[in-house]
Every structure is written in structure tokens, then in C-alpha cells.
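Peer 1: Below: one structure in C-alpha cells.
The values are calculated or read from the model by the stated rules, or taken from the named source; none is laboratory data. These figures come from a predicted structure and were not determined experimentally. Cβ: placed from backbone, ideal geometry, glycine included. Neighbour counts: every protein chain shown. Ligands, DNA and RNA are excluded from the accessible area calculation, which covers all protein heavy atoms including side chains. Shrake-Rupley method; radii C 1.70, N 1.55, O 1.52, S 1.80 Å.
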Amino acid sequence: MGLLRIMMPPKLQLLSILVFGVSMLFIENQIQKLEESRAKLERTIARHEVREVEQRHTQDGVRDTPPLAEAEDVVIIYNRVPKTASTSFTNIAYDLCGKNHFHVLHINTTKNNPVMSLQDQVRFVRNVTSWRAMKPGFYHGHVAFLDFSKYGVRGKPVYINVVRDPIQRLVSYYYFLRFGDDYRPGLRRRKQGDKKTFDECVSAGGSDCASEKLWLQIPFFCGHYSECWNVGSRWALDQAKYNLLNEYLLVGVTEELEDFIMMLEAALPRFFKGATGLYKTGKKSHLRKTTEKKPPTKESIAKLQQSDVWKMENEFYEFAQEQFQFVRAHAVREKDGELYLLAQNFFYEKIYPKVN
């Protein structure tokens, strides 16, 4: 080609270059048109797929009342307190996520430390609020409450939780560290081999059953302030109560877990549609049981109840229980041993201006 171009007259060389340039422009134009056509086709297919998903969601009953855009943006955080039936409840979410089309993510912190570093707090808040691929999302883990409003982000997650009688929770945790449970029976626990009962521990004044070990539910609800983790802090108790009322959609109690699940299904069907039936009929309702657990004696209970720490943790537990029962009384009714959700009891009237 190079030799031919040398032998060609200058005018023909110029003409050849022009023809080549026009050909390249034509090819580029055709490629651009093909790219535009492909993009239009992809958009058409995407819109068609969205319509199919919307229709399927409507047929399945997943989309009840909220618009799709709002429902898809919801994030729930379950900062689960250890030994409150949290694994049993979380596994219901895992069973439902495929059917109800949401994501479940476990927040696994190093050594189960419930307090995040400042940089991890920022990372976590950024993930939860901007990780579009994981919305709608259900995050769960043994993490203290985190106030998202401090980080300058728009849109806060929906917090939920479950609390338990503080002594019963401590007893369950005591035996769990020694004998594990029926969920992962082969896993070696931190205190495995220690055969001392909880009563023997209390009698001997052991550290694993000391009243200070009761201080857990209050700091989990109080959050990432240093005062939250000062055992026996009245400020921490007041802050935990404030957060429970103002930052949590619903806080249940372990002893009434079915009621908690039923109310969540009614309030957040996008996530929990089918949860009550699964709890009643499935194998998840009492999935995790601590093995070798012996109920404490009245003497052991009385000794722990003398401490100020128990009095404060029990005050918080009773406060949470009273609030839960108040919400339940306005949401469900019991008939012949069965619970029924109340129908919607508000409506709109006197709507102005009138529409012709």
C-alpha cells in the first residue's frame, strides 16, 4: 500500500485519503448508531423486567401499601443483645429473605466487641445508607446502638430489638460459654470444661456470675458513649430509655416473641410477610437452646437482686416490657388462645378542596 501510494499521482493520493477518511467516519457513525440502538434495547428490556417484578410482587402480596421506591430503600438494624432468642428470630429473616426479596447481612465484629471505632462507625453508616445493591436490607449483629443523625446522612435505618429478664439472660449466657447450644454443638466454647454450676459460682463470688455481668442491655441501647459502659450509670439508663422510645420502631421481649413477630409482620410486611406462620409451624421458633442449663435457686436470684446493677437493668427491662405491652394492646387481640391483629381503625374525611 505504501509503495502504491508513492507511485500514485498526488491528486489520487489525496482522493484516496479522503475516501479512507469518509469510510472511517461512516463506520464510526454506524457503530455509534448500533451503540444507541443497543442502549435503547437495554432500557426497554430493563423497563419490561421492572414491570414484571412489580407485577410479581403485587401477585405475591409483597407490595402492600408503600410505593416500590420507598419500600426498596428501607434498612432495618437489629443490634441483637446476646442470649435473648436473637438467633431464632434472625433465622426467620434468613428464611424469608429469598421469598420477600430483601438482603440479610451479619455484622461480625472482632471478638464480638459491641463498640465500633470512630472510623468503623463512619464506614458502617456510609455502607448502610449508600450501599444500593444491599437495599432493602436487614442488618443484624451484637453491636451497640449507633445514632445515624450524628453523621450528616439523609435517611435513618429502622431499629428493632428484643430484651430479656436480666438474670435469665445472664444464666443462659453463663451456661452457653461452658456447654454451647444445639445450633453448633461441635464448636468449642470459651469456658468449655468448667463444670461449676451458676449457683456454685454465685456462692463462691465468681466473676462470671457477678452482678456487673448483668450490665449489658442498658449499654446496648445506650450506644457509643463512654458513660454507657460505666456499670451502674443512671445517665446510661436514662439514655437507654430515651433511645428505646425515640429510635426504635419496636422492642420485644423474649418471653413474648411470637407477639413481637406478629406485630413486625403487620408493620413491615415488605420484610416479615409470612413470619408469624413460619414461627408457629416451622422449626425456627425455638431453634437455639443452651445445653446443660440449670435454673438458679431462689438464693442465687435473691443475692443478685440485692445489687444496684440488677435494680437498674431490671428497671430497664420492665420499662421495655411495659412499652411493648402498651403497643401490643393497641395492635392485637386474643381470642380462644389465638392472637389476632386489629384492622385499620382510622380513616380520612372532610377532605378539601373538593374535587369536581
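Peer 1: Determine, for each peptide in 139-147, 217-225, 201-209, the mean count of other beta carbons within 10 angstrom over its residues, then list the peptides with the highest first.
Peer 2: Details: 139-147: 19.9, 217-225: 23.6, 201-209: 15.6.
Taking the mean over residues of other Cβ atoms within 10 Å, the ranking is 217-225, 139-147, 201-209.
Peer 1: What residues have an amide H closer than 5 Å to that of G252, excluding those fewer than 5 places away on the same chain, when H is modeled at 1.01 Å from N in the peptide plane?
Peer 2: Here the answer is N161, V162, V163, since their amide H atoms fall under 5 Å of that of G252.
Peer 1: Pull out a ≥ b ≥ c, the square roots of the eigenvalues of the alpha-carbon gyration tensor of the stretch 96-237, then state rounded if a/c is under 1.5, prolate if not and a/b is larger than b/c, and oblate in the remaining case.
Peer 2: On the way: a/c = 2.55, a/b = 1.54, b/c = 1.66.
Oblate, because a/c is 1.5 or more while a/b does not exceed b/c.
Peer 1: For V332, list long-range residues whose amide hydrogen, built 1.01 Å from N in the peptide plane, is under 5 Å from its own amide hydrogen.
Peer 2: Amide H to amide H, under 5 Å and 5 or more residues apart or across chains, V332 pairs with L342.
Peer 1: Same structure again: For the pair Q305/D238, report the inter-label distance in nm, with labels modelled 7 Å from Cα in the Cβ direction.
Peer 2: Going by the 7 Å Cα→Cβ label model, 2.8 nm.
Peer 1: Run the 1.4 Å probe and let me know the accessible area of E247, rounded to the nearest 10 Å².
Peer 2: Its accessible surface works out to 40 Å², give or take rounding.
Peer 1: What is the pair-distance distribution P(r) of the stretch 210-346, computed from all Cα-Cα distances in 5 Å bins starting at 0, with each bin given as a whole percent?
Peer 2: P(r) over the stretch 210-346, rounded to whole percents: 2, 8, 15, 16, 16, 15, 14, 9, 3, 1, 0.
Peer 1: Between the stretch 209-277 and the stretch 292-356, what's the alpha-carbon centroid distance in Å?
Peer 2: Centre-to-centre (Cα) distance: 11 Å.
Peer 1: Of the accessible area of the stretch 310-351, with the probe set at 1.4 angstrom, what percent is carbon plus sulfur?
Peer 2: Carbon and sulfur together cover 52 percent of it.
Peer 1: Now, a different point. Which length gain, in nm to one decimal place, applies between S226 and A329 when the Cα-Cα distance is subtracted from 0.36 nm times their residue separation?
Peer 2: 33.5 nm
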